[in-house]
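Values in this text are rule-based calculations from the coordinates and carry no lab data. All of these numbers come straight from a predicted model, not from anything done at the bench. Neighbour counts run over all protein chains shown; Cβ positions are idealised from the backbone, glycine included.
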Amino acid sequence: MEKAYIVAIFVLMVFAAGISYYTLTQSCESTSLELSKRLDLMNYCNDSSECKIVSLGCPFGCYRFVNENANLSEIAELSGKYKANCPECVYKCPISPEQEQISCENNKCIDKRYE
C-alpha cells in the first residue's frame, strides 16, 4: 500500500513538472512574440537619420531597428521579464551596421549591407 502512495506521488510530481515546463515555455514564447511585434511597430521612418539600433540579443535578433523617438521602456520591461524567466540562448552576431549603412526604405529602417 505504501509503495502505491509513493508511486502516485512520483507520478503527480512528474505531471506537475511537465505542466510547469509547458506553462513556462508558452509564457516565454508569448513574451518573445509580443516583444517582436512591438519592435516591428517601432521600426518606422521618413529618413534614415531617424533610425536607431537596439541590441537585445538572443532570441530577439542581434540587432533591430527602431525610430529614434520610440519609447523603449516597454521593450526593456519585456526583455527583462524574458531574460529573468526563460531559458538562456546564445548565438554569435555579425557586427552591427554603422549609421551610414542604415537606410529608410518604404518607411522602414533597413541594413543596406544586405539589400
- If you stretched the chain out fully between Asp47 and Lys83, how much longer would it get, using 0.36 nm times the residue separation minus the C-alpha to C-alpha distance? 9.7 nm
- Counted neighbours (other Cβ, 10 Å), sorted fewest up, put Arg64, Arg113 in the order Arg113, Arg64
- Listed with the fewest Cβ neighbours within 10 Å leading, Glu50, Glu105 appear as Glu105, Glu50
- Item | Label-point separation in nm, Gln101 to Leu33, each point 7 Å along Cα→Cβ | 3.3
- Item | 16 Å Cα-Cα reach of Lys52 towards aspartates and glutamates, excluding residues that sit fewer than 8 places from it in its own chain | Asp40, Glu68, Glu98, Glu100, Glu105, Asp111
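If each residue's Cβ is checked for other Cβ atoms within 10 Å, how do Tyr63, Tyr82 rank with the fewest at the top?
Values: Tyr63 16, Tyr82 21.
Least to most surrounded, the residues fall as Tyr63, Tyr82.
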